[in-house]
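> Let me begin by handing over the structure; questions about it come next.
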Amino acid sequence: MSTLAEIAQQLKNSKENIILVYAFNSTGKTQLSVAYKNVTKAANGGKHSGVYYNAFSEDLFVWDNDNVKLTITPSRLNKFHNSFTELDISKKLTPYKPRYEFFFNPNKDSEKGFDSITFYKKGDTTTPIKIARGEERIFIWCFFLTLFDVEAWSGEQNAHFFIDDPVSSLDDHNIFVTASTIFELLENQLDKRKIILTSHHLGIISILDDWLNKGEKKDKFKSKNKVYILERDEEEHSLINPRNSVLLYNLRLLQLLDSAFRSEIYSYHFALLRQVLENIASFLGVGQFSYVLEQIGITPEQRVTDIVNALSHKKVYYFESDLLVDDNKTIFKEVYSKLIQKYNFVIHTD
């Protein structure tokens, strides 16, 4: 067991440039980001050496209900605002399909960046509107994604990005659009700085892990990423390698699949199903998960393999509906049911 400061130091010393950390809510993810800030500042003469997206970042944005605009509390980040435009953020927002337009309200002193943002319905820029809480979370996330991209970090706060739970309050489809935006960020920044992502959502950690280590670009990320599970016991914490806890990791994936089986199935559940199939195939000593489909009695296994492959591709979250056609739901339920029947997993659901 360790303190969060000791775990932060361990993450700082890690040779990998990409670190994914899964943890339940209230385990200490936000406090870990603060501990990481303190550790890295101490090693940098008391100066910030990275940029953070966490609950404190979101608190910089506050609604002015009287004037119907989202105000930005001044911070060290304001001086970077002039490095991007509304168009840059709009590009980040595109996969989320926003239903509004927006404009920055700059400070009279250009060095102080933007004071606020005003939102409008598309095609009507005369009447300001207040956007929904989920839309606001997505906008702030895309604001920081754009901020991460600016070149102005050169020589200052350019050692790392620490991203804490960018998916809370988002619906399932937008959570996995967010996974895709994070993957692009990891790819663009891989050789420039360390990026640490913490989340309570096993799905987003699991899918990013899959894209980094088994996806079409896995060679690019080889030996450059690490996945951990953060656990808490009273005031002490442990950073666990899930590769050494594969049974627990797989059972958590199965719990998510079981919940989908009993309620609503979305396209991203095929990505989780694929990981379970691949892990079982690996345990059985074969390379292809189609072997597992054959073993559990799925026919024709190649057609189902093709569907699972297609629906677990990251681009599906951009261009396809989050809801599935009935045929694909039927395939999901058949594969999941036969997996449970064949291997008798005890999932411990409520």
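> Along the charge dipole of region 170-277, Cβ charges K/R +1 and D/E -1, which of 270, 170, 257 sits furthest on the positive end?
270
> To continue, here is another question. Keeping all protein chains in position, work out how much accessible area residue 289 exposes to a 1.4 Å probe, and write it in Å² to the nearest 10.
Using a 1.4 Å probe on the heavy atoms, I get roughly 10 Å².
> In nm, to one decimal, how far is the residue 48 label point from the residue 220 one, both placed 7 Å along Cα→Cβ?
About 2.8 nm separates the two model spin labels.
> Can you find, among 227, 123, 292, the residue sitting farthest towards the positive end of the charge dipole of the chain, where Lys and Arg contribute +1 and Asp and Glu -1 at Cβ?
Comparing the listed Cα positions along the dipole, 227 ranks first.
> What accessible surface, in Å², does a 1.4 Å probe find on residue 64, ignoring ligands, DNA and RNA and rounding to the nearest 10?
40
> Continuing with the same structure: Could you please state, rounded to a whole Å, how far the C-alpha centre of region 107-162 is from the C-alpha centre of region 1-27?
28
> What number, rounded to the nearest 500 deg cm²/dmol, is the helix-based mean residue ellipticity at 222 nm of the chain, given -39500 (n - 2.57) per DSSP H run of at least four residues and division by all its residues? Mind dumping the intermediate values first?
Numbers: 14 runs with 160 residues, N = 350.
Taking each H run of at least 4 residues, the total per residue is -14000 deg cm²/dmol.
> So, with +1 on the Cβ of K and R and -1 on the Cβ of D and E, and no other charges, what is the size of the charge dipole of the chain about its Cα centre, to the nearest 20 debye? Present the calculation step by step, with values, prior to reporting the outcome.
Working: 42 positive and 46 negative charges, 148 e Å.
Dipole of the chain, to the nearest 20 debye: 720 debye.
> Per-residue HN-Hα couplings for region 302-307, Karplus 6.51 cos²θ - 1.76 cosθ + 1.60 at θ = phi - 60°, whole Hz, x for Gly and Pro?
Result, rounded to whole Hz: 5, 5, 5, 4, 4, 5.
> Follow-up. Near the amide H of residue 113, under 5 Å away, which other amide H atoms are found, from residues 5 or more places off or on another chain, if H is placed in the peptide plane?
107
> While we're here: For a 19 Å ceiling on Cα separation, which of these pairs sit above it: 47/194; 91/218; 37/217; 15/220? Can you show the working numbers first?
Values: 47/194 17 Å; 91/218 26 Å; 37/217 30 Å; 15/220 15 Å.
Where the Cα-Cα span goes over 19 Å, the pairs concerned are 91/218; 37/217.
> Kindly work out what percent of the DSSP beta bridges joining two residues of the chain are antiparallel, to the nearest 5. Provide the component values of the computation, followed by the final result.
On the way: 23 of 42 bridges.
In the chain, DSSP labels about 55 percent of beta bridges as antiparallel.
> Between residue 75 and residue 303, what length comes free when the chain is fully extended (0.36 nm per residue of separation minus the Cα-Cα distance, one decimal in nm)? Walk me through the numbers on the way to the answer.
Numbers: separation 228, 0.36 × 228 = 82.08 nm, distance 5.38 nm.
Full-extension gain reported as 76.7 nm.
> With all protein chains present, calculate the accessible area of residue 91 using a 1.4 Å probe and round the result to the nearest 10 Å².
Taking all protein chains as shown, residue 91 has close to 130 Å².
> Now a separate question. Under a 10 Å cutoff between Cα atoms, tell me which one of 234, 135, 334 has the largest fluctuation in the Gaussian network model of the chain.
Result: 234 has the largest fluctuation of those listed.
> Here is a further query. For region 38-141, compute the orientation-averaged projected area of the C-alpha convex hull (one quarter of its surface), in nm². Before the final figure, lay out each step's value.
Values: hull surface 31.4 nm².
Taking a quarter of the hull surface, the average projection is 7.9 nm².
The values are calculated or read from the model by the stated rules, or taken from the named source; none is laboratory data. Model, not experiment: these values are computed from the prediction. Counting neighbours? That spans all protein chains shown, and the Cβs are built from the backbone with ideal geometry, glycine included. Just so you know, the surface numbers come from the protein's heavy atoms only, side chains and all, with ligands and any DNA or RNA stripped out. Shrake-Rupley method; radii C 1.70, N 1.55, O 1.52, S 1.80 Å.
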